[in-house]
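Student: Just dropping this structure here.
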Amino acid sequence: MNKVPMTVRGAALLRDELKRLKSTDRPAVIQAIAEARAHGDLKENAEYHAAKEQQGFIEGRIKEIEGKLSNVQVIDVTTIDAKGRIVFGCTVELLDVNADQQIVYQIVGEDESDIKTGLISFSSPIARALIGKNKGDEVSFSAPGGEREYEVIRVRYE
């Protein structure tokens, strides 16, 4: 199976979620199931069925995170000498040529992306257009809203 790139921060967040699921959420739902069982008839016991459904969700999420972590390639951008080139994990300051406004994005893995906080997936159209470019380069690409044009102002490796 192919390795999936992820930043150090993204991998740490997944590990923290896995730890919380195993040490807090799983024991809590097991306790809820035990309490619901004590109420008697399980066929019409809403608390029992809700707790079992929650347990299924938690177990599924644990398996999903463990699978992701087993196939992850953690990339620490602070150790990369890209010589000013845009690479996975770097933070890019851009000037939107059409709107004349600055935008800051960090190029991250697919599981970490959140456009609202400026985290864009390496497989997104804008990230694919940016990777390999340098400060001062102009980049144009097709977005769902039409053709976009940016100028690279600054590249940071943090």
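Every number in this text was worked out from the coordinates using simple rules, so none of it is lab data. Please read these numbers as outputs of a predicted model, since none were measured by experiment. We place every Cβ from the backbone using ideal geometry, glycine too, and count neighbours over all the protein chains shown.
Student: Take the alpha-carbon centre of region 2-48, take the same for region 83-139, and report the distance between them in whole Å.
Tutor: Their Cα centres are 35 Å away from one another.
Student: Can I ask one more? Simple spin-label model, 7 Å along Cα-to-Cβ: Asp76 to Ile131 in nm?
Tutor: 2.2 nm
Student: Taking a ≥ b ≥ c as the square roots of the Cα gyration tensor eigenvalues, with a/c under 1.5 meaning rounded and otherwise prolate when a/b beats b/c, else oblate, which class fits region 80-156? Working shown, then result.
Tutor: On the way: a/c = 1.57, a/b = 1.10, b/c = 1.43.
Since a/c reaches 1.5 but b/c is at least a/b, the shape of region 80-156 is classed as oblate.
Student: If you don't mind, another one. How much net charge surrounds Ala143 when only the other residues with a Cβ under 15 Å from the Cβ of Ala143 are counted, with Lys and Arg +1 and Asp and Glu -1? Can you show the working numbers first?
Tutor: Numbers: positive: Arg128, Arg148; negative: Asp96, Glu147, Glu149.
Combined, the nearby Lys, Arg, Asp and Glu give -1.
Student: Against the longest alpha carbon principal axis of the chain, how many degrees, from 0 to 90 and to the nearest 10, is the axis of helix 26-38 turned?
Tutor: 30 degrees
Student: Let me ask another. Cα axis of helix 8-20 to longest principal axis of the chain: angle in degrees, 0 to 90, nearest 10?
Tutor: Here the helix axis deviates by roughly 10 degrees.
Student: Leu119's amide H: which non-local residues (gap 5+, or another chain) put their own amide H closer than 5 Å, with H modeled 1.01 Å from N in plane and none for Pro or chain starts?
Tutor: Gln106, Asp114
Student: For Gln102 and Val8, FRET efficiency with R0 = 25 Å and r from the beta-carbon atoms, rounded to 0.05? Display every interim value, and only then the final one.
Tutor: Details: r = 26 Å, r/R0 = 1.03.
With R0 = 25 Å, the Cβ-Cβ based efficiency is 0.45.
Student: Would you mind getting me the FRET efficiency between Glu53 and Arg15? Use the beta-carbon distance for r and R0 = 25 Å, nearest 0.05.
Tutor: Numbers: r = 26 Å, r/R0 = 1.02.
FRET efficiency, Glu53 to Arg15: 0.45.
Student: What nm value, rounded to one decimal, do you get for the distance between Ser23 and Ala38 when each label is placed 7 Å out toward the C-beta?
Tutor: Taking the two extended label points, one gets 2.6 nm.
Student: Normalised by the residues of the chain, what does the relative contact order come to in percent, with Cα pairs under 8 Å and at least six apart? Walk me through the intermediate numbers first.
Tutor: Details: 238 pairs, mean separation 37.1, N = 158.
Computed over the chain, the figure is 24 percent.
Student: What share of the DSSP beta bridges in the chain is antiparallel, in percent to the nearest 5?
Tutor: On the way: 20 of 27 bridges.
Antiparallel: roughly 75 percent of the beta bridges in the chain.
Student: Where does helix 46-70 land angle-wise versus the long Cα axis of the chain, in degrees 0 to 90, nearest 10?
Tutor: Tilt relative to the chain: about 40 degrees.
Student: Got a sec? How would Lys135, Lys19 order by Cβ neighbour count within 10 Å, fewest to most?
Tutor: Lys19, Lys135
Student: I'd like the Karplus ³J(HN,Hα) series for region 137-142: coefficients 6.51, -1.76, 1.60, θ = phi - 60°, whole numbers in Hz, and an x wherever there's a Gly or Pro.
Tutor: For region 137-142, the Karplus curve yields 6, 9, 10, 10, 7, 8 Hz.
Student: Need one number for the chain: average projected area of the convex hull over its C-alpha atoms, nm². The partial results should precede the final answer.
Tutor: Values: hull surface 50.6 nm².
That works out to 12.7 nm², a quarter of the Cα hull's surface.
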